[in-house]
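*Asks:* Sharing a structure with you now.
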Amino acid sequence: MNDTTKVARQAASAPVEAALLPAVDVIEDTGGITLYADLPGVPREKLNLHVEADTLTIEGEIAIPVPEGMEPTHVEVALPRYRRAFTLSKELDAGKVSAELNHGVLKLRIPKAEHAQPRRIQVAVG
Amino acid sequence: MPYRPLFARDVFAEMDRLQREMLQAFDISPSIRGLARGGYPAINVGSTPKSIELYTFAPGIDPATLDVQIEKGVLTVAGERKAEPAPEKASVHIDERFSGRFRRVVTLPEDADPGAVEARYRDGVLHISVARKASAQPRRITVQ
């Protein structure tokens, strides 16, 4: 009971900032999952990836140098950050996630755990 | 061909994507030339007394293949984004990212100088800076 109130309070004291939902592609092959996310305007140092329990969160802040005194006249990208979370399944090895950020595209590779790799099962004929 | 499930595995992601598209379609003042398919690339425009600044959010493109042109006061950004090659026997669970050819057209204000344009591609954002003509910039006139 105590734990629940703690969690609720924490959530209330740290309001989550509004963020854009980046477009992603998720492709699964026998060895694992590859995720591509469009994060234009996010430099490497403003990208934040974290895995907590079985939730993978991608967060990035847009950092674009803007000339002084610029007035926006037409805005399609209206928020300065992206955020998206995914629930990982337990056959994925969250400890071996590799990430690359290139021209505003994040590529994440999440391999499947050893025990979840496909195996051919021999059928014994007896 | 990779296998694509008939129904989206994650219904909430699909709803979020829809909401994002609706927001993009209604929340902003729509241009007469409309939005690019799938909102790609999104463009933000700003202005300063000396220049017009365009930010094209076009991630994952080889800058050498980007085509930026100005003709009769109309700026065109065109290019192509190739789809990531999917490995054999892969299944595509989410497929939201744009791929294919794109073109976006923006009318520049009258005082834009097509001879003074700078374009830079960084972190997936193409920043085009068009200077305003010197004659159109505010000037203080000294009274004799």
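*Asks:* Based on this model, can you work out whether B:I52 counts as closer than 25 Å to A:P72 by Cβ, at pLDDT 70 or above and more than 9 Å from every other protein chain (Cβ to nearest Cβ)?
*Replies:* No, not satisfied.
*Asks:* Scanning the stretch B:106-126 for residues that are more than 13 Å from chain A (Cβ to nearest Cβ) and without any contact (Cβ under 8 Å) to a residue 24 or more places away in the chain, which turns out surrounded by the most Cβ atoms within 10 Å (Cβ to Cβ)?
*Replies:* Among them, the one singled out is B:D113.
*Asks:* Being under 16 Å from A:K107 (Cβ atoms) and open to solvent by less than 60 Å² (accessible area, probe 1.4 Å) is the filter; apply it to the stretch B:81-92 and report the residue that is farthest from the other protein chains (Cβ to nearest Cβ).
*Replies:* Checked the stretch B:81-92; the qualifying residue farthest from the other protein chains (Cβ to nearest Cβ) is B:R81.
*Asks:* Right, A:V42: in contact with a strand residue (DSSP E or B) (Cβ under 9 Å, 6 or more places away or on another chain), at pLDDT 90 or above and either over 30 Å from B:V106 (Cα atoms) or surrounded by 15 or more Cβ atoms within 10 Å (Cβ to Cβ) (or both) or not?
*Replies:* So A:V42 passes the test.
*Asks:* Being of a type in the set (D, E, K, R), assigned to a loop (DSSP other than H, G, I, E, B) and at pLDDT 90 or above is true for just one of B:R120, B:R140, B:R97. Which residue is that?
*Replies:* Selected residue: B:R97, the only one of B:R120, B:R140, B:R97 that is of a type in the set (D, E, K, R), assigned to a loop (DSSP other than H, G, I, E, B) and at pLDDT 90 or above.
*Asks:* With (1) part of a strand (DSSP E or B); (2) touching a strand residue (DSSP E or B) at 6+ places or on another chain (Cβ under 6 Å); (3) over 19 Å from A:P72 (Cα atoms) as the list, and B:A86 as the residue in question, which single condition is left unmet?
*Replies:* The single condition B:A86 does not satisfy is (1).
*Asks:* Give the stretch A:86-124 a look and list any residue that's surrounded by 12 or more Cβ atoms within 10 Å (Cβ to Cβ) and aliphatic (A, V, I, L, M), or say none.
*Replies:* Scanning the stretch A:86-124 gives A:L88, A:L92, A:A94, A:V97, A:A99, A:L101, A:V105, A:L106, A:L108, A:I110, A:A113, A:A116.
*Asks:* Name the single residue that is farthest from the chain's Cα centre (by Cα) among those in the stretch B:93-105 being exposed (fewer than 15 other Cβ atoms within 10 Å of the Cβ) and on the phi < 0 side of the Ramachandran plot.
*Replies:* Result: B:R101.
*Asks:* Need pairs with beta-carbon distance below 6 Å; first residue in a loop (DSSP other than H, G, I, E, B) and within the stretch A:103-125, second open to solvent by 30 Å² or more (accessible area, probe 1.4 Å) and among the polar types (S, T, N, Q); sequence gap 6+ or separate chains.
*Replies:* Sorted first by the residue in the stretch A:103-125, then by its partner, the pairs are A:P118/A:T30.
*Asks:* With the structure loaded, tell me whether A:E28 is acidic (D, E) and open to solvent by 30 Å² or more (accessible area, probe 1.4 Å) or whether it fails that test.
*Replies:* yes
*Asks:* When you scan the stretch A:71-79, do you find a residue that is more than 8 Å from chain B (Cβ to nearest Cβ), under 14 Å from the mean Cα position of the chain (by Cα) and surrounded by 11 or more Cβ atoms within 10 Å (Cβ to Cβ), even just one?
*Replies:* No: zero hits.
*Asks:* Looking at the stretch B:59-80, can you tell me whether even one residue there is within 10 Å of chain A (Cβ to nearest Cβ), assigned to a strand (DSSP E or B) and surrounded by 13 or more Cβ atoms within 10 Å (Cβ to Cβ)?
*Replies:* Scanning the stretch B:59-80, I find no residue that is within 10 Å of chain A (Cβ to nearest Cβ), assigned to a strand (DSSP E or B) and surrounded by 13 or more Cβ atoms within 10 Å (Cβ to Cβ), so the answer is no.
The values are calculated or read from the model by the stated rules, or taken from the named source; none is laboratory data. This is a predicted model, so every value here is computed, not measured. All Cβ positions, glycine included, derive from the backbone under ideal geometry; neighbour counts span all protein chains shown. Calculation scope for accessible area: heavy atoms of the full protein, side chains included, ligands and nucleic acids excluded. Shrake-Rupley method; radii C 1.70, N 1.55, O 1.52, S 1.80 Å.
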